[in-house]
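Structure record follows, encoded as structure tokens.
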Amino acid sequence: MLDGGKKRGPENVTLILDGVSVRQRGETWLDDIRLELPNGLTTVVGPMTAGKTTLMRVAAGLLTPDSGRVVVNGKDLTGISVRKRSVAFVYQQFINYPSLTVYENIASPLRLDQRFRREDIDRRVREVAELMGIAGLLGRRPAELSGGQQQRTAIARALARPVDVLLLDEPLANLDFKLREQLRADLKTMFADAQGVVLYSTADPNEALTFAAPTVVLGEGRVQHSGDVADMYAHPPTLAVAATLSDPPLNLLPGVVRDGRIECLGTSFPAPRAQATGHNVMLGIRPHQVTIGRNGPGALELPAEIRLAEVTGSATFLHLLLKGERHLVAHLAGTQLFTPGESTVAYVEPAHIFVFDEAGGRLLATSAAEVDLHG
């Protein structure tokens, strides 16, 4: 972590969640979480009900798991109060002390640490404030700040005191698009040389891809996969991982293997590998891979009715109704005008289609790699 010239403890920190489970009101919120998180930034991505906040609270010591251990630097901290841990937590909400100035908000955790002298505190507050772009706001109170400035203050307070574990629970979720983009870039630079474990949770797959850090995909309280986020995006091992990392949402269409081809809604394309005839599959298609009015050789042709065109200025999201009341969304560049109710044809190159086993959701083939159905 940023240490302001004060070296304390090991520079390389490890956080281990060993078989962590949490059950509340008869429901399982975390199910046998097993993670070893190294020094530096790790991103946790998943939908709203994935269990991200619960995982963060367990890692912080705010919630004791029903089973499993939380180990930091080889020391079992399960059940140890958060006050006795070297941890800082940044919440989604802008949590600052309303009666204190920005300066005093940032200084507050340092004043609780007897190792910091007055001059150390002043230097550290100004250093972190400069880093977060709020050096000119130190005399203001939170009510006088914008939402982005309040969140920068909250993050600066968490960064002020060196800790082994820094937890950020969707810290940019309540900010507008421009502020999110700016602060995300600042945080990526800031955490590049972090000393300590930085765990950052988000529901936005684009945020995880932007950070380009080791990533844990969480869903329904379980670790669905972990590893390099770019590799997971290109070769999602399961349908659940592909869906989590797709924004706009992944298009899903049913298919069946017959005589070496995959049939889908009255059209077909060659099966990527030899697969058993009659095997049911699910086709995953990212919206930006759908084209209208143009196609390459062998493209999947999907006759459709135009239902809605959402124009954002830089892009057009075209909602289509296919055969069998199936829906498809195309992400088209720029402003394009369409008339609802008109007929059109959507095209998808077979190389851009993910093929998943319908029963288990396992990946069978991608545009760049193939997996043996019987492997």
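The values are calculated or read from the model by the stated rules, or taken from the named source; none is laboratory data. Here the structure is a predicted model, which is why all the values come from computation and not from measurement. So basically every Cβ, Gly included, is an ideal-geometry build from the backbone, and we count neighbours across all protein chains shown.
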*asked:* Could you list, ordered by first residue, the pairs with Cβ atoms under 6 Å in which the first is in the range 57-80 and in contact (Cβ under 8 Å) with a residue 40 or more places away in the chain and assigned by TED's automatic domain parsing to the domain that holds Arg23 and the second is surrounded by fewer than 19 Cβ atoms within 10 Å (Cβ to Cβ) and outside any strand (DSSP E or B), at least 6 apart or interchain?
replied: Ala60/Val82; Arg69/Thr78; Val70/Thr78
*Within the group Arg57, Arg23, Arg69, which residue is among the basic types (Lys, Arg), crowded, with 16+ Cβ neighbours inside 10 Å and either more than 23 Å from Leu209 (Cβ to Cβ) or touching a Phe, Trp or Tyr at 6+ places or on another chain (Cβ under 7 Å) (or both)?*
Arg57
*Would the range 119-131 turn up any residue that is farther than 26 Å from Ser201 by Cβ, of a type outside the set (Asp, Glu) and not in a helix (DSSP H, G or I)?*
no
*What number of residues in the range 328-346 are assigned to a strand (DSSP E or B) and without any contact (Cβ under 8 Å) to a residue 60 or more places away in the chain?*
7
*From Glu119, Glu127, grab the single residue that is under 22 Å from Leu179 (Cα atoms), at pLDDT below 95 and surrounded by fewer than 20 Cβ atoms within 10 Å (Cβ to Cβ).*
Glu127
*asked:* Residue under question is Gly284, and the condition is that it be among the small types (Gly, Ala, Ser), part of a strand (DSSP E or B) and assigned by TED's automatic domain parsing to the domain that holds Leu328; does it hold?
replied: yes
*asked:* Exactly one of these conditions fails for Lys188: (1) within 23 Å of Asn39 (Cβ to Cβ); (2) buried (at least 21 other Cβ atoms within 10 Å of the Cβ). Give me its number.
replied: (2)
*Kindly provide the set of residues from the range 293-339 that are aliphatic (A, V, I, L, M), under 30 Å from the mean Cα position of the chain (by Cα) and under 22 Å from Pro254 (Cα atoms), ordered by number.*
Leu318, Leu320, Leu321, Leu328, Val329, Ala330
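Okay, residues lined up against (1) in a strand (DSSP E or B); (2) under 26 Å from Glu27 (Cβ atoms); (3) small (Gly, Ala, Ser):
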| residue | (1), (2), (3) |
| --- | --- |
| Leu159 | no, no, no |
| Pro162 | no, no, no |
| Leu179 | no, no, no |
| Lys188 | no, no, no |
| Asn206 | no, no, no |
| Ser226 | yes, yes, yes |
| Pro236 | no, no, no |
| Ala243 | no, yes, yes |
| Pro248 | no, no, no |
*Return yes when Val102 is in contact (Cβ under 8 Å) with a residue 60 or more places away in the chain, buried (at least 17 other Cβ atoms within 10 Å of the Cβ), hydrophobic (A, V, I, L, M, F, W, C) and over 17 Å from Val13 (Cα atoms) and no when it is not.*
no
*Mind listing whichever residues of the range 38-63 are part of a strand (DSSP E or B) and not hydroxyl-bearing (Ser, Thr, Tyr)?*
Gly40, Leu41, Val44, Val45
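Residues are listed down the side, and each one gets a yes or a no for (1) within 30 Å of Asp204 (Cβ to Cβ); (2) touching a Leu at 6+ places or on another chain (Cβ under 7 Å); (3) among the polar types (S, T, N, Q):
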{"residue": "Leu250", "(1), (2), (3)": "yes, no, no"}
{"residue": "Arg261", "(1), (2), (3)": "no, no, no"}
{"residue": "Val281", "(1), (2), (3)": "yes, yes, no"}
{"residue": "Arg307", "(1), (2), (3)": "yes, yes, no"}
{"residue": "Ala315", "(1), (2), (3)": "yes, yes, no"}
{"residue": "Gln336", "(1), (2), (3)": "yes, no, yes"}
{"residue": "Val355", "(1), (2), (3)": "yes, yes, no"}
*Quick one: in the range 347-375, of everything that is among the aliphatic types (A, V, I, L, M) and outside any strand (DSSP E or B), which residue is modelled with the lowest pLDDT?*
Leu373
*In the range 259-281, what residues are more than 22 Å from Leu318 (Cβ to Cβ) and aliphatic (A, V, I, L, M)?*
Ile262, Ala271, Ala274, Ala276, Val281
_Residue ID - farthest from Met232 (Cα to Cα), chosen from residues in the range 246-262 that are touching a strand residue (DSSP E or B) at 6+ places or on another chain (Cβ under 7 Å) and exposed (fewer than 15 other Cβ atoms within 10 Å of the Cβ)_ = Gly260
